[in-house]
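Enquirer: Handing you this structure, nothing more for now.
The values are calculated or read from the model by the stated rules, or taken from the named source; none is laboratory data. All values derive from a computational prediction rather than experimental measurement. Cβ placement follows ideal geometry from the backbone for every residue including glycine, while neighbour counts extend to all protein chains displayed.
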C-alpha cells in the first residue's frame, strides 16, 4: 500500500475464470488430466505462521501420492528460470524445475539442497560443498562443473539478487565431480542464503547452456531441464503450464504430487472466483488481491497461510533537515502514531505492527528485547510534552512546524495512510502537507533529489538483514539510487554492527550484531517501522504439507492433495 520495490509488472487484462471450450483449457480437459475442477472442498480457515499445525486430524496428515494441484499465474512467464529474472511468474515455475545448492527454511535459514553438506574454513573465506548424486531431467549426470558454470557464467551476469554474493567470490574450483570450493575475498555471512533459487542461484545444466546465449537458449524459453522435483511437460501459451513428477528425484519418495498445473488468470477478481469455485487449488500471495481477504477468510472451503519473504512498510524521515535531525523530535512524532489503529484502519487488520527495525519473522536476527510499542506507546499528550522538551514549542495558532509527506499517489493505500498521519500529527501541532505524485516522480524526489521531510515506502527484507535492512541505515548506502539510505542517517557504531552481521558466518554471531544495532536504531528512529506486510497465500483445504513454505518457491516436493 506504499511505494515498494517491484519484481515484475502485474497484468491487468481481463480474463474469464471459466475458460470456454474454444480456449483449449476446459473443465473437461483439466479433469481428463487428473485435475478435479469445481469440486467442493472441506472447511477450514488458516491465518498464522507457516509452521502452525497442518491439521487437527493426524490421519489426514499422512502424505498421499499422486494427484494434481492447480496453481494460479497472472499470465505467460517471459521464460522459465529462476536465474535470469526476479519476476514472480518466472521464478514460481522455474523453482519447481531447478534447484540451488541450498534452500531457505521456514525460519529463513539456509538448509542443504543440491549441496548435501559443506565445510567452512576458520577464516570464513573458503566453502567446500559436497554435492548430491543425481541427474538432470534429460538423463545427464549433475556434476560440480554445472555449479561452477552457473555461478561464474549465469548468476553473476543476469541475477540481480546474486550480485552481492558475486562481488565477494574470487574463485570457484572443482576438485572432483561432487565437490565444489568457493573462495571469497572476505567473509560474507549471507553466502549460503545467496546460493538458493530465491537469489538467482539455481544451478543450470552446463551441457545445455555452455557456449550459448542464456537469454535465448531453448532451455530458458520453452524446454527447461533441471534436477528438481518436477519436470516440464506442456505449455499452452495464455492458458496453462503443466509439470509432472520427476520419477528419479534424488529425495527418496518425493515429490508426492503427480503433477502441478499453472493456470493463467490475469484478472485478480477472476482468480478469487476460481479459488472459490475449486478450479484452482492455490494462489501465491503475489497473485492474491488482499482487498478480497475478508471474502476468502469467511469461505469454509479455503484456508489461508500468511508467509513469504518479509516486507516492511516504513516512514522514512529526512534527517538532513531540521527539526527531523533531532532524535527527540523523531521520538515524539513516533509516539503520536497509533500504530495499531493504522494496522486496522489502513491495512484491514492484517499483518502486524512492527516492533523493531528488523522484522519479527526473521527470528534469528530480531531482538525480542526491543518492542517499540512499549518504548513509545501511543499518546498525543506525551508526544506534545516531548516536543516541548525538545524546544519545538507550539505557536499562538497551535502549530509547531510543517511536514512535507511524499508518496506514490498511484497506490490507493497511500492516500488512506496519509490522511491518518495528517490527523494524528495534526493533534500535536504538526501540519502535514501532502505531496503525492506518480511513482517515477516520487522515486526521483526521494532517492535522487532528497527533497522530502517524510516519505511512505515499503522495503523487502530479502530474507536477510545484510541484503534488505542494512541498506536503510548504513552510511555507505547514502547514495542517489532507489531503495537505499534515503534518510541520510549515519552512525559509525551502527555501520560497524551491520558489517559485523554481514561478515560473520555463524547465525548466532550474526544475530547478536543485529540485535545490538536494533537497540541503537530504536533510540535514534531515523526510520519509523510501521507495519509488517500481510503476505496472504490461499489454498483449498485439500492442499496439505509445506505449501507457501518459506519463500513460497520451494518445498513443493513435500506437498500433497488430501482428496
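Enquirer: What about residue 143, is it more than 18 Å from residue 90 (Cβ to Cβ), without any contact (Cβ under 8 Å) to a residue 12 or more places away in the chain and either in contact with a helix residue (DSSP H, G or I) (Cβ under 9 Å, 6 or more places away or on another chain) or in the same structural domain as residue 557 (by TED's automatic domain parsing) (or both)? Show your work before the answer.
Expert: Numbers: more than 18 Å from residue 90 (Cβ to Cβ): yes; without any contact (Cβ under 8 Å) to a residue 12 or more places away in the chain: no; either in contact with a helix residue (DSSP H, G or I) (Cβ under 9 Å, 6 or more places away or on another chain) or in the same structural domain as residue 557 (by TED's automatic domain parsing) (or both): yes.
The answer is no for residue 143.
Enquirer: So how many residues does the range 404-428 have that are touching a helix residue (DSSP H, G or I) at 6+ places or on another chain (Cβ under 7 Å) and under 15 Å from residue 324 (Cβ atoms)?
Expert: The qualifying residues number 4.
Enquirer: Being farther than 20 Å from residue 385 by Cβ and assigned to a strand (DSSP E or B) is the filter here, so list the residues in the range 404-435 that pass it.
Expert: Within the range 404-435, 404, 405, 406, 407, 408, 432, 433, 434, 435 meet the criteria.
Enquirer: Specify which of the listed residues (398, 363) is within 30 Å of residue 479 (Cα to Cα), in a loop (DSSP other than H, G, I, E, B) and touching a residue at least 24 places away in the same chain (Cβ under 8 Å). Walk me through how you get there before you give the answer.
Expert: Details: 398 fails: within 30 Å of residue 479 (Cα to Cα).
Every option except 363 fails the conditions.
Enquirer: I've got another one for you. Go through (1) loosely packed, with under 14 Cβ neighbours inside 10 Å; (2) under 15 Å from residue 529 (Cβ atoms) one by one and return the number of the condition residue 402 breaks.
Expert: (2)
Enquirer: Something else: Which one of these does residue 468 not meet: (1) surrounded by fewer than 20 Cβ atoms within 10 Å (Cβ to Cβ); (2) without any contact (Cβ under 8 Å) to a residue 12 or more places away in the chain; (3) within 22 Å of the chain's Cα centre (by Cα)?
Expert: (1)
Enquirer: Looking only at the range 89-119, which residues are within 20 Å of residue 468 (Cα to Cα) and out of contact with any strand residue (DSSP E or B) (no Cβ under 9 Å at 6 or more places or on another chain)?
Expert: Residues satisfying the conditions are 91, 106, 107, 108, 109.
Enquirer: Let me ask something additional. With a cut-off of at least 3 residues that are touching a strand residue (DSSP E or B) at 6+ places or on another chain (Cβ under 7 Å) and modelled with pLDDT under 95, name the strands (runs of 3 or more DSSP E) lying wholly within the range 441-556. Walk me through how you get there before you give the answer.
Expert: Values: elements: 454-460, 527-532, 536-540, 543-545.
Strands (runs of 3 or more DSSP E) meeting the threshold: 454-460.
Enquirer: For the range 503-520, does any single residue satisfy the condition of being touching a helix residue (DSSP H, G or I) at 6+ places or on another chain (Cβ under 8 Å), crowded, with 24+ Cβ neighbours inside 10 Å and in the same structural domain as residue 473 (by TED's automatic domain parsing)?
Expert: Yes, there is a match, as at least one residue in the range 503-520 is touching a helix residue (DSSP H, G or I) at 6+ places or on another chain (Cβ under 8 Å), crowded, with 24+ Cβ neighbours inside 10 Å and in the same structural domain as residue 473 (by TED's automatic domain parsing).
Enquirer: Any idea how many residues of the range 237-253 are more than 11 Å from residue 264 (Cα to Cα) and in a loop (DSSP other than H, G, I, E, B)?
Expert: The number of residues fulfilling the criteria is 8.
Enquirer: Only one of these is more than 21 Å from residue 351 (Cα to Cα) and either crowded, with 23+ Cβ neighbours inside 10 Å or modelled with pLDDT of 95 or more (or both): 278, 308. Name it. Let's see the steps before the verdict.
Expert: On the way: 308 fails: more than 21 Å from residue 351 (Cα to Cα).
Just one listed residue meets the conditions, 278.
Enquirer: Here is a list: 249, 293, 286. Which entry is touching a strand residue (DSSP E or B) at 6+ places or on another chain (Cβ under 7 Å) and surrounded by fewer than 23 Cβ atoms within 10 Å (Cβ to Cβ)?
Expert: Exactly one residue qualifies, and that residue is 293.
Enquirer: Now for a separate question. Filtering the range 202-221 down to residues that are under 26 Å from the mean Cα position of the chain (by Cα) and outside any helix (DSSP H, G or I), which residue is nearest to residue 92 (Cα to Cα)?
Expert: Among those residues, the one meeting the criterion is 202.
Enquirer: In this structure, does residue 77 turn out to be at pLDDT 90 or above and over 28 Å from residue 359 (Cα atoms)? Give the steps one after another, and end with the answer.
Expert: Details: at pLDDT 90 or above: yes; over 28 Å from residue 359 (Cα atoms): yes.
In short, yes.
Enquirer: Further question: Given the conditions (1) under 24 Å from the mean Cα position of the chain (by Cα); (2) farther than 11 Å from residue 94 by Cα; (3) not in a loop (DSSP other than H, G, I, E, B), report the number of the one that residue 234 does not fulfil.
Expert: Among (1) under 24 Å from the mean Cα position of the chain (by Cα); (2) farther than 11 Å from residue 94 by Cα; (3) not in a loop (DSSP other than H, G, I, E, B), the lone unmet condition for residue 234 is (1).
Enquirer: Tell me, yes or no, whether the range 406-414 has at least one residue that is exposed (fewer than 12 other Cβ atoms within 10 Å of the Cβ) and at pLDDT below 95.
Expert: At the first step, the residues of the range 406-414 found to be exposed (fewer than 12 other Cβ atoms within 10 Å of the Cβ) are 412.
From the residues that got through so far, the ones that are at pLDDT below 95 too are 412.
The answer is yes, given that some residue of the range 406-414 is exposed (fewer than 12 other Cβ atoms within 10 Å of the Cβ) and at pLDDT below 95.
Enquirer: Please work out if residue 353 is modelled with pLDDT of 95 or more and closer than 17 Å to residue 454 by Cβ. Let's see the steps before the verdict.
Expert: Numbers: modelled with pLDDT of 95 or more: yes; closer than 17 Å to residue 454 by Cβ: no.
When the stated conditions are applied, residue 353 does not pass them.
Enquirer: Next question. I'd like to know if the range 475-490 contains one or more residues that are surrounded by fewer than 22 Cβ atoms within 10 Å (Cβ to Cβ) and at positive phi.
Expert: yes
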